[in-house]
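The values are calculated or read from the model by the stated rules, or taken from the named source; none is laboratory data. Keep in mind the model is a prediction, meaning the values are calculated, not measured. Reconstructed Cβ throughout: ideal geometry from the backbone, glycine too, with neighbour counts over all protein chains shown.
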Amino acid sequence: MQRPPETHPTSDAASLRGSIIMTRASSERVDSIRPFLKWAGGKRQLLPHILKHVPATFGQYYEPFVGAGALFFHTCPRPAVVADNNERLIRTYRGLRDHPQEVVRLLRKYPHDKSFFLELRASDIDNKNDAEVAAWLIYLNKTGYNGLYRVNSKNEFNVPFGRYKKPNICDEPRLLA
């Protein structure tokens with residue numbers, strides 16, 4: 001007999017595992033922002049086709065599989081609920097939402113160096129705060145092979161060091177947008 005699917009309360013979007021509510025004091029639309037991550041399955045190149053099916057106006061915005069957030073960042077909806085099954089990714093969004101200057105400060109001091117990459121990759125990141133998780137994931141995404149996010153069965157990040165000459169590890173304007 002199969003187990004029934006797990007259910008979550010829908011009345012409180014913040015209680016959904018792996019979700020985050022994004023808000024801004026102003027409801028004014030801002031110019032679109034490009035995603036700060038590369039992500040497998042990203043939709044940035046498909047935006048012209050996707051946008052044909054997006055209404056001009058809408059109320060609450062829900063993004064159930066945010067990934068790098070191409071549609072989210074292009075439309076800049078507020079308020080919005082973004083979710084993903086990857087808890088580290090959601091903690092990255094949370095770290096940038098709540099502590100953007102701390103994320104930038106950490107990324108500025110991270111060198112583009114293979115030994116540092118391997119040391120950071122091996123760190124026990126799940127016991128760190130959201131800003132540290134955000135800096136960890138962004139750094140590994142920008143300096144790892146092809147911007148991949150891949151973990152083994154122990155949830156250990158296992159992407160090798162990339163061959164980028166000068167990766168933009170800390171794209172401050174994009175991270176603070």
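Quick look at the numbers
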| read-out | value |
| --- | --- |
| Residues of region 116-155 classified as touching a helix residue (DSSP H, G or I) at 6+ places or on another chain (Cβ under 8 Å) and either among the β-branched types (Val, Ile, Thr) or closer than 15 Å to GLU87 by Cα (or both), total | 16 |
| All positions within region 29-52 that are part of a loop (DSSP other than H, G, I, E, B), modelled with pLDDT of 90 or more and over 19 Å from the mean Cα position of the chain (by Cα) | LYS52 |
| Total residues in region 119-177, condition over 18 Å from VAL103 (Cα atoms) and among the basic types (Lys, Arg) | 5 |
| Helices (runs of 4 or more DSSP H) within region 85-177 that include 3 or more residues under 12 Å from the mean Cα position of the chain (by Cα) | 87-98, 130-143 |
| Qualifying residue in region 4-19 (condition: surrounded by 10 or more Cβ atoms within 10 Å (Cβ to Cβ) and modelled with pLDDT of 65 or more) | yes |
| Selection status of THR23, polar (S, T, N, Q) and at pLDDT below 90 | yes |
| Conditions (1) free of Cβ contacts under 8 Å to residues at least 60 places away in the same chain; (2) in contact with a helix residue (DSSP H, G or I) (Cβ under 8 Å, 6 or more places away or on another chain); (3) of a type outside the set (Phe, Trp, Tyr); (4) surrounded by 14 or more Cβ atoms within 10 Å (Cβ to Cβ): number failed by ASN168 | (4) |
| Residue tally, condition modelled with pLDDT of 90 or more, part of a loop (DSSP other than H, G, I, E, B) and at negative phi, over region 69-84 | 1 |
| Check on VAL66, part of a loop (DSSP other than H, G, I, E, B), under 22 Å from GLU132 (Cα atoms) and modelled with pLDDT of 90 or more | yes |
| Top-ranked residue of region 95-125 - restricted to ones that are basic (Lys, Arg) and over 22 Å from ARG150 (Cβ atoms), ranked as modelled with the lowest pLDDT | ARG97 |
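Matching residues to (1) in contact with a Pro (Cβ under 9 Å, 6 or more places away or on another chain); (2) buried (at least 20 other Cβ atoms within 10 Å of the Cβ); (3) within 22 Å of ALA40 (Cβ to Cβ); (4) without any contact (Cβ under 8 Å) to a residue 12 or more places away in the chain:
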| residue | (1), (2), (3), (4) |
| --- | --- |
| HIS53 | no, no, no, yes |
| ALA70 | yes, yes, yes, no |
| VAL82 | yes, yes, yes, no |
| ASN85 | no, no, yes, no |
| LYS109 | no, no, no, yes |
| LEU120 | no, no, yes, no |
| ASN146 | no, no, yes, no |
| ASN152 | no, no, yes, yes |
